[in-house]
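Just so you know, all these numbers are worked out from the coordinates, no wet-lab data involved. Keep in mind the model is a prediction, meaning the values are calculated, not measured. Quick reminder, even Gly has a Cβ in these numbers, built from the backbone with ideal geometry, and neighbours come from all protein chains shown.
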Amino acid sequence: MYENIVERSKNMIEEFLSVVPMKASEILVIGCSSSEIVGESIGKGSNFNAASAVYEGIAPILAEKGIFLAAQCCEHLNRALVVERECAERYGLETVCVVPKAKAGGSFATAAFENFKDPVVVETIKAHAGIDIGDTLIGMHLRAVAVPVRLSVKRLGEANLVFARTRPKYIGGPRACYEA
């Protein structure tokens, strides 16, 4: 089962990045309910193996492209985010003192914290794009104008998938010009 999650996660992130060409040093926020992946209600069946399989599928691809992963914690940590210290420093993010665990922070955030080179936790972020695995509500961590992205994959295990990219705000009036 977990090998399948690794492979599907890898395929998901590859398709996502083919549609949303992110640049090195941009931030991708991922909220992941391992409970939902294995068919349980969100927050009721945390599964570290499933979360680790998702991480294993996506992390090498993001690292190869130089994209920062922001792993959203669960509501018990107010949906704080695990990021590499380099990301926090580059974007001027204030760190907080907490270490996520499977039942207080979530399995995916815990997997990220355990696997990052120099993990820190931040309360807020404004990511360039996002993936919501299992209805974890990542919208608060995206830049102001989020745009839905439709992919061929709709589920990971039993979890719903929602994808988003962001774009700059359009400002000005009828005479304003915008880049293509």
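Label 7 Å along Cα→Cβ of Glu158; segment 29-69 residues with amide nitrogen under 20 Å?
Only 31-55 pass the distance filter.
Among the trypsin sites (Lys or Arg not before Pro) within segment 74-144, which fall in a DSSP loop and have no more than 10 other Cβ atoms within 10 Å of their own Cβ?
For trypsin sites (Lys or Arg not before Pro) across segment 74-144 that sit outside H, G, I, E and B with at most 10 neighbouring Cβ atoms in 10 Å, the list reads Lys117.
Hey, what do the phi angles of segment 43-59 turn into as Karplus ³J(HN,Hα) couplings, whole Hz, using 6.51/-1.76/1.60 and θ = phi - 60°, x for Gly and Pro?
My calculation for segment 43-59 gives x, 10, x, 3, 10, 4, 5, 5, 5, 5, 5, 4, 4, 4, x, 9, 4 Hz in order.
Taking R0 as 22 Å, what FRET efficiency do you get between Asn11 and Asn49 from their Cβ-Cβ distance, rounded to the nearest 0.05? Intermediate values should be presented prior to the final figure.
Numbers: r = 19 Å, r/R0 = 0.86.
E(calc), rounded to 0.05, equals 0.70.
With the Cα gyration tensor of segment 2-167 giving a ≥ b ≥ c as the square roots of its eigenvalues, does the rule (a/c under 1.5 for rounded; else a/b larger than b/c for prolate; else oblate) give rounded, prolate or oblate?
rounded
Please identify the longest segment of the chain free of exposed GluC sites (Glu not before Pro), where exposed means a DSSP state other than H, G, I, E or B and no more than 13 other Cβ atoms within 10 Å.
1-93
For Ala129, what residues show an amide H to amide H distance below 5 Å, using hydrogens built from the backbone and excluding near sequence neighbours?
Ile27, Val29
Expressed as a rounded percentage, what relative contact order does segment 51-180 have, with Cα pairs under 8 Å and six or more residues apart? The partial results should precede the final answer.
On the way: 208 pairs, mean separation 25.1, N = 130.
Answer for segment 51-180 is 19 percent.
Between Ala104 and Tyr170, what is 0.36 nm times their sequence separation minus the Cα-Cα distance? Round to one decimal in nm.
19.9 nm
Of all beta bridges DSSP finds with both residues in segment 2-167, what is the antiparallel percent, to the nearest 5? Let's see the in-between values first.
Numbers: 21 of 32 bridges.
Once the DSSP bridges in segment 2-167 are tallied, antiparallel ones form about 65 percent.
Report, ordered by chain and residue number, the aspartates and glutamates lying within cross-link reach of Lys44, taken as a straight Cα distance under 16 Å and ignoring same-chain residues fewer than 8 apart.
Glu36, Glu75, Asp135, Glu158
Using 0.36 nm times the number of residues separating Ser18 and Lys126, minus their current alpha carbon distance, what extension gain do you get?
Taking 0.36 nm per residue and subtracting the Cα distance, the gain is 36.7 nm.
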